[in-house]
Amino acid sequence: MNGTMLVLGIETSCDETAAAVVAREADGSGRILSSVVLSQIEEHAPFGGVVPEIAARAHVEALDAIIARALTEADVSGAQLSAVAATCGPGLQGGLLVGAMTGKAMAFALQKPFLAINHLEAHALTVRLTDGLAFPFLMLLVSGGHTQILLVEGAGRYQRLATTIDDAVGEAFDKVAKLLGLPYPGGPAVEREAKTGNPARFDLPRPMVGRAEPHFSFSGLKTAVRRAAEPLQPLKDVDIADICAGFQAAVAECLADRVKHAFRRAPGGLPLVIAGGVAANQAIRLALDDLASQNDSALYAPPPALCADNGVMIAWAGAERMALGLVDTLDAAVRPRWPLDLAAESARGAGVKA
Ligand code: KG4
Ligand code: ZN
């Protein structure tokens, strides 16, 4: 395709309503023209987690205005767009339907191609926009719903090397925060507390570390945190800080060990990419940065604002797919479960998180 491609991206898979316009040049470089994100955190906070019905309703109420703002801020009219991209999975069905229906309606009305985007692929491809990174690369995808290591060979070409056999790492952060009485979402709160804590005070386990099996596990660590906290009730500030520091150090070590395992099985010298909400965590980035340099690799991470869910990543994934001619039809289904590597064997217990 010649010239500049302009793609509108719509994201509604979880608790952020987002839209963005991205430009992609024929040489593969990209630019963010606008990015509007409305977080529903305050609506879900009283429940300590995302409530699907509240999320879907909030997307319905907010989406039209968010899209209008994204177009205005980009100074792009609907007619100037090359395509409309919307997240079609994985995620919460109600929210996915809102975004996909809106995106399809716009594509139909404007007579533009529609792109049904996999949210995980969008996280995976963000570094190609921000850093111009070439394929292939190794990716640690760490979010509220997923914890995977993937060999990324191209848009639409993924080999899953590892996944979690129980909780996702972001979910573990959120659950630990909840049991310590910290606000939702837990990740940023735990990271904040951990800054002043002593990571060595509690002897917490490192599930799967050193194992031949490539996968992750976090539920044992979460249970150990609960056992450590129970006898100390009511918790003092210093207890909370020490538990958070210990938990975060354990998570960083587990993630680094599993990536080390993947480095041994992947072609040598591949860049390492970290993506997804948990990739905003500085302690985890540091541990992976060390690991990458020990393996003749380098760590790439999107800026924190592009680690959390956003419309830019959806628009960019759409642009990359469109450049390959991978457009979708208006009957593309939403898929609450949509693994990137359809050929991956199911890991023991990992059915829910595949
Ligand atoms: O990618 P994301 O925004 O949404 C999903 O697709 O799941 O990830 C959200 C997850 C939450 O579990 C949140 O607690 C976690 O990312 N998170 C963090 C940090 N910021 C967000 N976890 C650890 N440290 C952080 N700084
Ligand atoms: Zn996400």
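Where a number appears in this text, it was derived from the coordinates with a stated rule and is not lab data. These numbers come from a predicted model, not from an experiment. Because the Cβ atoms are built from the backbone with ideal geometry, glycine has one as well, and the counts that use them run over all protein chains shown.
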ask   = Looking at the square roots a ≥ b ≥ c of the eigenvalues of the Cα gyration tensor of region 129-189, which shape do they give, rounded for a/c under 1.5, prolate if a/b is larger than b/c, or oblate?
value = oblate
message = At 7 Å along Cα-to-Cβ for each site, give me the label-to-label distance between Met101 and Ala298 in nm.
response = 4.6
query = What lysines could a cross-link reach from Lys195, if we take a straight Cα to Cα line under 17 Å and drop same-chain neighbours fewer than 8 places away?
reply = Lys236
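For Cα pairs less than 8 Å apart in space and 6+ apart in sequence, what is the mean separation divided by the residue count of region 137-304, i.e. the relative contact order in percent? Spell out each step's value before the answer.
Details: 319 pairs, mean separation 44.1, N = 168.
Value for region 137-304: 26 percent.
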ask   = Separation between the Ala323 and Thr72 pseudo-spin-labels, each 7 Å from Cα along Cα→Cβ, expressed in nm?
value = 3.1
remark   = Sorted largest first, the Cα spans of region 137-304 on the principal axes come out in Å as 50, 32, 28
query = Of Asp166, Asp309, Asp203, which is the most mobile in a GNM of the chain whose springs link Cα atoms less than 10 angstrom apart?
reply = Asp203
key: Gaussian network model of the chain, springs between alpha carbon atoms under 10 Å - residue of Val273, Val76, Val84 with greatest fluctuation   = Val76
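Over the chain, what relative contact order in percent results from Cα pairs under 8 Å that are six or more residues apart? Don't jump to the answer; show the numbers that get you there.
Details: 781 pairs, mean separation 85.2, N = 354.
The value is 24 percent.
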note = The farthest towards the positive end of the charge dipole of the chain, of the residues Gln40, Gly89, Thr163, given +1 on Cβ of Lys and Arg and -1 on Cβ of Asp and Glu, is Thr163
message = If the reach is capped at under 20 angstrom between alpha carbons, list the lysines near Lys104, excluding any in the same chain fewer than eight residues apart.
response = Lys112
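For Phe47, Phe216, Phe135, what's the fewest-to-most ordering of other Cβ within 10 Å of each Cβ? Mind dumping the intermediate values first?
Working: Phe47 10, Phe216 29, Phe135 14.
Going from sparsest to densest Cβ surroundings: Phe47, Phe135, Phe216.
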message = Quick check: pseudo-label points 7 Å beyond the Cα along Cα→Cβ at Ser219 and Glu42, how many nm apart are they?
response = 3.6
ask   = Taking other Cβ within 10 Å of each residue's Cβ, how do Ile240, Ile314, Ile284 sort, fewest first?
value = Ile240, Ile284, Ile314
request  = Set the Förster distance to 35 Å, then compute FRET efficiency between Arg335 and Asp203 from the Cβ-Cβ distance, nearest 0.05.
outcome  = 0.25
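How about region 187-246: which trypsin sites (Lys or Arg not before Pro) there lie in a loop by DSSP and see at most 11 other Cβ atoms within 10 Å? Working shown, then result.
On the way: sites: Arg192, Lys195, Arg201, Arg211, Lys222, Arg226, Arg227, Lys236; in loops: Lys195, Arg201, Arg211, Lys236.
Loop-located and lightly packed - Lys236.
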task = Sequence neighbours fewer than 8 away in the same chain don't count; with that in mind, list the lysines whose C-alpha is under 16 Å from Lys175.
result = Lys222
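Only bridges whose two residues both fall in the chain count here: according to DSSP, what percent of them are antiparallel, nearest 5? The partial results should precede the final answer.
Numbers: 29 of 45 bridges.
If we restrict to bridges inside the chain, about 65 percent are antiparallel.
Grab the alpha carbons of the chain, take their convex hull, and tell me the volume per residue in Å³.
Values: hull volume 44.7 nm³, N = 354.
Output value, Cα hull per residue: 126 Å³.
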message = Helix check for the chain. Which DSSP H runs span at least 20 Å along their own axis by Cα, with a mean Kyte-Doolittle hydropathy no less than -1.0?
response = 52-74, 93-110, 237-265
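Please report, in debye to the nearest 20, how large the charge dipole of the chain is about its Cα centre when each Lys and Arg carries +1 at its beta carbon and each Asp and Glu carries -1 there.
Working: 30 positive and 38 negative charges, 133 e Å.
Computed about the Cα centre, the dipole is about 640 debye.
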message = I need to check one value: relative contact order of region 276-323, counting alpha carbon pairs closer than 8 Å and at least 6 residues apart, in percent.
response = 42
